[in-house]
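Enquirer: Please read through the structure below; I'll follow up with questions.
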Amino acid sequence: MAGNRSEKESGNKKSKKKSFSTSSTITYILFILGVSLLLSTIAISVANDMFGLVQDEAIVTVSLTEGQSVGEVASMLKKEGIIDFKWAFKLYCSLKDTDEFSTGEFDVSSNMDYGQIISELKRANTSTTTVTITIPEGYTIQQIAELLEKGRVCGKGDFIEAANTYDFSHDFLKDVPMVENRLEGYLFPDTYEFYVNERPVSAINKMLNNFADKYTDAMLELTQEKGLTIATVVNIASLIEKEAYVASEQATISGVIWNRLNHADKYPYLDIDAAIMYVTGHKEKLTDEDLAIDSPYNLRKSKGLPPTAICNPGIGALLAAISPEQHDYYYYVADGTGAHIFSRTLEEHNAAVAKVASQG
């Protein structure tokens, strides 16, 4: 009986061990299946996100500024509902050697895959959509860049970088040094048709080609006859463009500038505050601190012309720079109506300034 009991107990223990082993195996299998299911679900979700699948279509305009990191861009896309996994997008960018994007505004869709999103943010697509943009006379490179960015042509930072660093082959630029704002004055103000997401170099070439067309052979011949360079004409024309509020005074103001340049011993400074505004920002009124800045664009302290043009002048200002009105004025002051009072002497000028001040 004792032996039978022992065998029975032994059988029970074996049965329990077998039952426990079977239970553990089932639990392990279920765990593995659960983990596999979880991983496969995550993998499918990441894949869907990466390839833009199973998404409700949402188009969002995102604005990128210069210097934003991939992580910051990923966070923005996540916040806007374009992507679900920031880490996956960052990893994809790393695998594609993408560590920076263009600046500007971009339309991105939740249906885009990661590659399409990156291409859009780098403006790598070849859009056939065009936009018509008018560049006003007197706009600076900075203002043109902002206008083109707003019009979805190209990013402001990309445009300025191309203008400052690309070696354009136009003849009138051959003697223009590769310095900052070197193209100021040569981006001819006009109405243009650009492609959306156009390469900055291509957009700039359109404006430079237009300048070459507008600066006619007759103008070039007259420039050479007077012993001038196109660079000098453009520089003076930019000052005229900013100073003359009414077109009828452009040639008169040109005459004042030329009178001072031709008598630099007595009038060493042009005293044109528009050049100061070029570096301080376009303010309605300059402060004493602005007027005292140490800059070659401060024509109250720096002799002669500024180092570059201060805007992009129109054809009227260019013609006025080549053919100034002949007179003996050396001063002028805005009269508050858009016109100017011109004076021959400092005494006359001071009286005109006092008159304007008393009326204002």
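Enquirer: Would you mind putting 163-173, 68-78 in packing order, based on average other-beta-carbon counts within 10 Å, highest first?
Expert: 68-78, 163-173
Enquirer: What number results when the radius of gyration of segment 257-322, computed over Cα atoms, is divided by 2.2 N^0.38 Å?
Expert: Against the compact-globule rule of thumb, the ratio is 1.16.
Enquirer: On to the next question. From the Cα trace of segment 217-327, what convex hull volume per residue do you get, rounded to a whole Å³?
Expert: Convex hull of Cα atoms, per residue: 104 Å³.
Enquirer: Quick one: which residues, 5+ away or cross-chain, put their amide H under 5 Å from the amide H of ASN111? H built at 1.01 Å from N.
Expert: Amide H to amide H, under 5 Å and 5 or more residues apart or across chains, ASN111 pairs with ALA58.
Enquirer: Assign one of three labels to segment 130-214, namely rounded, prolate or oblate, based on the Cα gyration tensor with a ≥ b ≥ c the square roots of its eigenvalues; rounded applies when a/c is under 1.5, prolate when it is not and a/b is larger than b/c, and oblate otherwise.
Expert: prolate
Enquirer: Something else now. Would you mind checking LYS78/LYS156; LYS90/LYS122; LYS266/LYS301; LYS156/LYS206 for any pair whose Cα atoms are more than 20 angstrom apart?
Expert: LYS78/LYS156
Enquirer: Let me ask something else. Straight-line reach only, C-alpha to C-alpha below 17 angstrom: list the aspartates and glutamates that LYS285 could link to, leaving out same-chain residues fewer than 8 apart.
Expert: The reachable aspartates and glutamates, counting only those whose Cα sits under 17 Å from LYS285, are GLU243, ASP271, ASP273, ASP335.
Enquirer: 5 Å is the cut-off here: which amide hydrogens, built 1.01 Å from N in the peptide plane, fall below it relative to SER343, excluding neighbours closer than 5 in sequence?
Expert: Placed amide hydrogens put TYR330, TYR331, TYR332 under 5 Å from SER343.
Rule-based calculations on the coordinates, nothing more; no lab input. Only a predicted model underlies this, so the values are computations on that prediction, with no experimental measurement involved. For neighbour counting, all protein chains shown are included, and Cβ atoms are generated from backbone atoms with ideal geometry for every residue, glycine included.
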